[in-house]
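Colleague: Below: one structure in structure tokens.
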Amino acid sequence: MLSSDEIGNILHAIATGYLDRAAGLIEASVEITDDERVVLRRALTDGADNSARARRLGDALRSLEAPRHLVNECYRVAFYTGDEWMALSANPLFAFFTANRAGLAIDKWIHYFAIYDRHLSRFRGSPAKVLEIGVSRGGGLALLRHYLGGEAGLVGIDVDQAAALATSGRFTVEIGDQADPEFLRRVSDKHGPFDIVIDDGGHTMRQQITSAETLFPLLNDEGVYLVEDCHTSYWPEYGADGGDGQTFVEWVKARIDDLNAYHFSTAETLAFPWQTHLDGIHVYDSVAVLTKHRNPAPFCEISGTKEFIAFDRNTSALHLELLATRDAALALVPAAEAALARAAGVEADAAADVERSRLELQGVRGESVDLRNEVQALRADLESLREEHGRMTGDLLGSWGIIREMRRSRSWRLTAPLRRVRSVARRK
Ligand SMILES: C[S@@+](CC[C@H](N)C(=O)[O-])C[C@H]1O[C@@H](n2cnc3c(N)ncnc32)[C@H](O)[C@@H]1O
């Protein structure tokens, strides 16, 4: 296969319009077979412009199963010799990336910038908390700082201590393995909860799936979880064995079922967070973006039934008035309930008073019965006293008769002087 130098020279010749030189270089290469030479030469002869030729050369190399980096160079030249870069030049991420001649190194697939901008632009200028998995030399964090602004809280994680050193203290970098859920939870507890997670770490299946399953549930609502380089799901060296082991892309496909869970599950069995908080999945070449939002229960309805005609303006106004009246009445309910509660209190107090009075009355009645009995007893006493008095009066009258008889007697008269003398003596 062609060497890197040969591809570089061929592409330079294409880009500068020296097609004969490009064809001559292919012709002269001793690194390719004649069959390969035929395929590569055809790529140069077809097509309208140099950008299309570079692209077709990449396609041809791909069909010949050339190393990926050679194909990459062809498509890179196709992009910059065409006019697609012009549209992308308005993208602030791409602008920073291309101007970054001597800052921290950034390694990105160019089409990611449009995806970043589509999903992250609403966080610009905000104090969003961001986690980048895989820091390398810190260029990704520098790019995010420029794009999101100084308010954003940026944190990176990497297994390699060199990543922390490379950022020279400009960014917080925690050292650990993205396939370790405990480490990820510690980072989230310490620096999160995050609004944005960008997984640009080791890109193996286990790393991508473990990180997503651990961090998406911890993401803030309305957050964005973005995974780069999902094409490793098709590369065995990243654990995509094509066997029983699930690739990250297969894992993402399973999330599509979760998104539709309302239609085959019950509310009680909806699983957090994939069936309750997964708002959407946006799948691009090599990138998956999962957005988080507490899902409303889905429903449908029909419009265009013309029912508004039957439900005319006057009826609507009346309906609104009824609702307003109802609302006004409802607004009075708390005060009425408070008054009722107060009245209930007063009623309870009055009942207690009545009970107290009843008991007092009962006592008074008892006392009056006792008094009546006493009066009756006194009357009986009086009656017997009267009877005794009558008897005594009778006795007295009888005694008076005897006394009168005695005074009329001869002896009484004879002893009268004697009694007078005794009386005078007593007075003295
Ligand atoms: C592609 S680079 C990151 C590039 C960087 N995001 C940028 O935009 O410039 C991948 C990084 O992931 C790190 N990495 C690899 N495996 C990891 C793991 N299991 N956990 C955390 N980081 C890992 C590597 O050390 C490397 O620095």
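Where a number appears in this text, it was derived from the coordinates with a stated rule and is not lab data. All values reported here derive from a predicted model rather than from experimental measurement. Methodologically, a virtual Cβ is constructed for each residue, glycine included, from the backbone with ideal geometry; neighbour enumeration extends over all protein chains shown.
Colleague: On C-alpha positions alone, give me the angle between the axis of helix 205-215 and the longest principal axis of the chain, in degrees, nearest 10.
Modeller: With both axes taken from Cα atoms, the answer is about 30 degrees.
Colleague: Next up: In what order do E73, E347 fall by count of nearby beta-carbon atoms within 10 Å, going from fewest to most?
Modeller: With the fewest neighbours first, E73, E347 line up as E347, E73.
Colleague: Further question on the same structure: Which angle from 0 to 90°, rounded to the nearest 10, does the C-alpha axis of helix 34-45 make with the longest principal axis of the chain?
Modeller: Computed tilt is about 80 degrees.
Colleague: Cut-off is 10 Å between beta-carbons; in what order do Y225, Y262, Y238 appear when sorted fewest neighbours first?
Modeller: So the ranking, lowest neighbour count to highest, is Y262, Y238, Y225.
Colleague: Order these by the 10 Å Cβ neighbour count, fewest first: L120, L19, L270.
Modeller: Final ranking by Cβ density, sparse to dense: L19, L270, L120.
Colleague: If you find the alpha carbon centre of the range 293-337 and of the range 39-104, how far apart are they in angstrom?
Modeller: About 59 Å separates the Cα centre of the range 293-337 from the one of the range 39-104.
Colleague: Moving on. Where the Cα atoms of the range 209-250 are projected onto their three principal axes, how long is each span, largest first, in whole Å?
Modeller: 34, 18, 13
Colleague: OK, next. Taking θ as phi - 60°, what are the ³J(HN,Hα) couplings along the range 7-23 by the Karplus curve (6.51, -1.76, 1.60), each to the nearest whole Hz, with x for Gly and Pro?
Modeller: 4, x, 5, 4, 5, 4, 5, 5, 5, 9, x, 9, 5, 4, 5, 4, 5
Colleague: I'd like to know how the range 89-292 sits against the 2.2 N^0.38 Å rule of thumb: what's its Cα Rg over that expected value?
Modeller: 1.00
Colleague: With runs of 4+ DSSP H residues as the only contributors, calculate the mean residue ellipticity of the chain at 222 nm using -39,500 (n - 2.57) per run, divided by the residue total and rounded to the nearest 500.
Modeller: So the calculated ellipticity at 222 nm is -19000 deg cm²/dmol.
Colleague: Helix 139-148 against the longest principal axis of the chain: what's the angle in degrees, Cα atoms only, rounded to the nearest 10?
Modeller: So the inclination is approximately 60 degrees.
Colleague: If I build a Gaussian network model for the chain, linking alpha-carbon pairs within less than 10 angstrom, which residue out of L397, L88, L259 has the largest mean-square fluctuation?
Modeller: Checking each option, the largest mean-square fluctuation is seen for L397.
Colleague: Comparing R408, R41, R53, which has the greatest mean-square fluctuation in the GNM of the chain with Cα pairs linked when under 10 Å apart?
Modeller: Looking only at R408, R41, R53, the biggest GNM fluctuation is shown by R408.
Colleague: Connecting C-alpha atoms closer than 10 Å in a GNM of the chain, tell me which of T415, T98, T247 has the biggest fluctuation.
Modeller: So, out of T415, T98, T247, the one fluctuating most is T415.
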